[in-house]
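Inspection log for the structure reproduced underneath, given as structure tokens.
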Amino acid sequence: MLMELLHLIVGLVAIHVIAALAAWSVPNASVSIWWVSWVVTVIVILASIRSIAAAHRRDKDGAAAHRNRQRDER
């Protein structure tokens, strides 16, 4: 799950760095650029919810299996 969160954070940082550079280079369109960047941010977050939830489930199932193996070994 940590990797999925890291991918999300890197993606969000990239969105905002690109938006900042674009707003700086085209100051007349900076308001539109920032609006688009926030819309893309929301879309990226919504798109990554499913993969983060799946990774969380895999991690939880793996931890439960590991605990069961340890209990069986005793």
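The values are calculated or read from the model by the stated rules, or taken from the named source; none is laboratory data. Note that the structure is a prediction, hence the values are computed from the model and not measured. Glycine gets a Cβ as well: all are built from the backbone with ideal geometry, and neighbour counts include every protein chain shown. Surface accessibility is based on the protein's heavy atoms, side chains included, excluding ligands, DNA and RNA. Shrake-Rupley method; radii C 1.70, N 1.55, O 1.52, S 1.80 Å.
The residues Ser32, Ser48, sorted by heavy-atom accessible surface at 1.4 Å with ligands and nucleic acids left out, run Ser32, Ser48 from largest to smallest. Each residue was assigned an accessible area with a 1.4 Å probe, and for His56 the value is about 90 Å². Electrostatic bookkeeping for Ile49 treats Lys and Arg as +1 and Asp and Glu as -1; over the other residues with beta carbon under 13 Å from its beta carbon, the sum is +1. In order along the range 45-52, the phi-based Karplus estimate (6.51 cos²θ - 1.76 cosθ + 1.60, θ = phi - 60°) of 3J(HN,Hα) comes to 5, 5, 6, 8, 4, 5, 6, 5 Hz; Gly and Pro are listed as x. Heavy-atom accessible surface of Val17, to the nearest 10 Å², is about 80 Å², with a 1.4 Å probe and all protein chains retained.
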